[in-house]
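A.B. asks: I have a structure I would like to understand better, so I am pasting it below and will then ask my questions one at a time.
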Amino acid sequence: MENPSFIAQNLKHIKERIALAALHAGREPEQVTLVAVSKTVPVTAIEYAIHAGQRHFGENRPEEGERKIPLITQTLHDTSATFEKPIWHMIGHIQSRKAPQVLAHFEMVHSIDRVSIAIKLSTLAEQAKRTIPVLLECNVSGEVSKYGFNAAGWERDIAIRQNIFNEIAPVLHLPGLKIKGLMTMAPLSDNTEELRPVFVSLRALRDALEEKFPEMILPHLSMGMSNDFEVAVEEGATLVRIGRAIFGERPL
Ligand SMILES: *Cc1c(COP(=O)(O)O)cnc(C)c1O
């Protein structure tokens, strides 16, 4: 499993499938960035992916990133070949006390799932005289197990719509954050067509937010994982987060 050609082959295959899905929907393949989700994956396997040309990586736990990212940075620094520096995406729920690790090691945060973590990260970023690009995680499917701003049924229910606008409004102008778009996790399903409405709903929510807050430009939609990324790309994903289809199944 942790074998350079296995990972390189998988990356090549996934990129082909992303390109096909994009073209199928009349989009340019370059509009979609593949984020290789390396949670639980050992550093050596991540390095194989870097050697195969992969640039963007996602981790879902701040402490795991804090452990692995400096090791990888050091190895790349020590090797004679030159590789482009990896770009690290935080894609998982962040406890408030872990916010400093996120700011220290990650370039982008997909998982702003509540107002308090937005404020915390913004404050820390400001103190560090930085701004950090972020996405707002929205729960459009309504699954109770999912994090994110509650947006289930927002198209049909004006109260829910008003509620999510009200919730998001104070986040939009925090000085340490650059809001770049939305992220969602679809429910697990073998029937990916069933998931299409989830992706459509996130895209429509983005459009509605841009209309409601004309000063906001929200180009990014982070949606699609190993099992459902083609449908997500067809519906406008600009970032797909793919783990198992690149690195193999994770240990339970
Ligand atoms: C694990 C994870 C993924 C990737 O899931 P795979 O099924 O391995 O492709 C994507 N997004 C988030 C938030 C994750 O935690």
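The values are calculated or read from the model by the stated rules, or taken from the named source; none is laboratory data. This structure is a prediction, so every number in the text was calculated from the model and none was measured. Cβ coordinates were reconstructed from backbone atoms using ideal geometry, including for glycine residues, and neighbour counts include every protein chain displayed. Note: areas computed on protein heavy atoms with side chains; ligands, DNA, RNA excluded. Shrake-Rupley method; radii C 1.70, N 1.55, O 1.52, S 1.80 Å.
A.B. asks: Give the long-range amide H neighbours of Val37: residues separated by 5 or more places, or on another chain, with amide H under 5 Å away, using H modelled in the peptide plane at 1.01 Å from N.
C.D. replies: Close amide H contacts, sequence-distant or interchain: Gly58, Ile242, Gly243.
A.B. asks: In the full protein assembly as shown, how much of Arg161 is accessible to a 1.4 Å probe, in Å² to the nearest 10?
C.D. replies: 70 Å²
A.B. asks: Could you give me the ³J(HN,Hα) list for segment 160-177, computed from phi with Karplus coefficients 6.51, -1.76, 1.60 and θ = phi - 60°, whole Hz, x at Gly and Pro?
C.D. replies: Karplus-based 3J(HN,Hα) across segment 160-177 equals 5, 4, 4, 5, 6, 4, 5, 5, 7, 3, x, 7, 5, 10, 5, x, x, 10 Hz.
A.B. asks: Mind ranking Leu188, Leu76, Leu209, Leu71 by accessible surface for me, highest first, 1.4 Å probe?
C.D. replies: Details: Leu188 135, Leu76 30, Leu209 5, Leu71 90 Å².
So, going from the largest accessible area down, we get Leu188, Leu71, Leu76, Leu209.
A.B. asks: Do me a favour and compute the ellipsoid semi-axes for segment 72-139 from its Cα gyration tensor, root of five times each eigenvalue, largest one first, whole Å. If you can, show how the numbers build up before the last one.
C.D. replies: On the way: eigenvalues 138, 36, 19 Å².
Ellipsoid half-lengths, sorted descending, are 26, 13, 10 Å.
A.B. asks: Tabulate in residue order the Karplus-calculated ³J(HN,Hα) for segment 23-30, using 6.51 cos²θ - 1.76 cosθ + 1.60 with θ = phi - 60°, rounded to whole Hz; enter x for Gly and Pro.
C.D. replies: Taking θ as phi minus 60°, the curve returns 4, 4, 9, x, 10, 8, x, 5 Hz for segment 23-30.
A.B. asks: Would you mind putting 4-12, 55-63 in packing order, based on average other-beta-carbon counts within 10 Å, highest first? Walk me through the numbers before you get to the answer.
C.D. replies: Details: 4-12: 16.1, 55-63: 20.4.
Sorting 4-12, 55-63 by mean packing, highest first, produces 55-63, 4-12.
A.B. asks: So, one more: Determine the alpha carbon to alpha carbon distance for each of Lys85/Lys180; Lys146/Lys178; Lys85/Lys212; Lys15/Lys39 and list only those over 31 Å. Working shown, then result.
C.D. replies: On the way: Lys85/Lys180 22 Å; Lys146/Lys178 24 Å; Lys85/Lys212 37 Å; Lys15/Lys39 20 Å.
Table pairs above 31 Å Cα-Cα are Lys85/Lys212.
A.B. asks: At a temperature of 4 °C and a viscosity of 1.567 mPa s, determine how fast the chain diffuses translationally according to Stokes-Einstein, using the Kirkwood radius over alpha-carbon pairs as Rh; express D in µm²/s, rounded to the nearest whole number.
C.D. replies: Working: Rh = 18.6 Å.
Using the Kirkwood radius from Cα pairs, D works out to 70 µm²/s.
A.B. asks: With no solvent and one equal point scatterer placed on each C-alpha of segment 12-159, evaluate the Debye formula and give log10 I(q)/I(0) for q = 0.08, 0.16 Å⁻¹, two decimals.
C.D. replies: -0.28, -1.02
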